[in-house]
1. Could you look through region 1-55, keep only residues that are in contact with a Gly (Cβ under 8 Å, 6 or more places away or on another chain) and in a strand (DSSP E or B), and pick out the one that is modelled with the lowest pLDDT?
2. Could you please find all residues in region 28-52 being within 15 Å of E9 (Cβ to Cβ) and without any contact (Cβ under 8 Å) to a residue 40 or more places away in the chain?
Amino acid sequence: MKKKTERIEYNSSSVNSSIYNFETKELIIYFQTKTGYSYENVELEDYIGFSQAESIGKSFNQFIRNKYETKKFEGYEELKETFSV
């Protein structure tokens, strides 16, 4: 059975963690600044490039930023529900 989502915590100065939904291709990124964004229709190849890179900040700029439609989470409570932070 394939997993539906994957959550990764990063040792990064910019990105705290991410959740990728393999079925919907939604990528949610929670930043160290306690802000979060949802990216729609993220291709698996871009997600893998982002999540497995040595520098998560650089890979975010290369594979995700300005490439996918984005929704900002409106508040910390909404992030808390999504990330259980």
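1. This residue is Y30.
2. I29, F31, Q32, F50, Q52
The values are calculated or read from the model by the stated rules, or taken from the named source; none is laboratory data. Computed from a predicted model, the values in this text were never measured in an experiment. Every residue, glycine among them, receives a Cβ derived from its backbone with ideal geometry; neighbour counts consider all protein chains shown.
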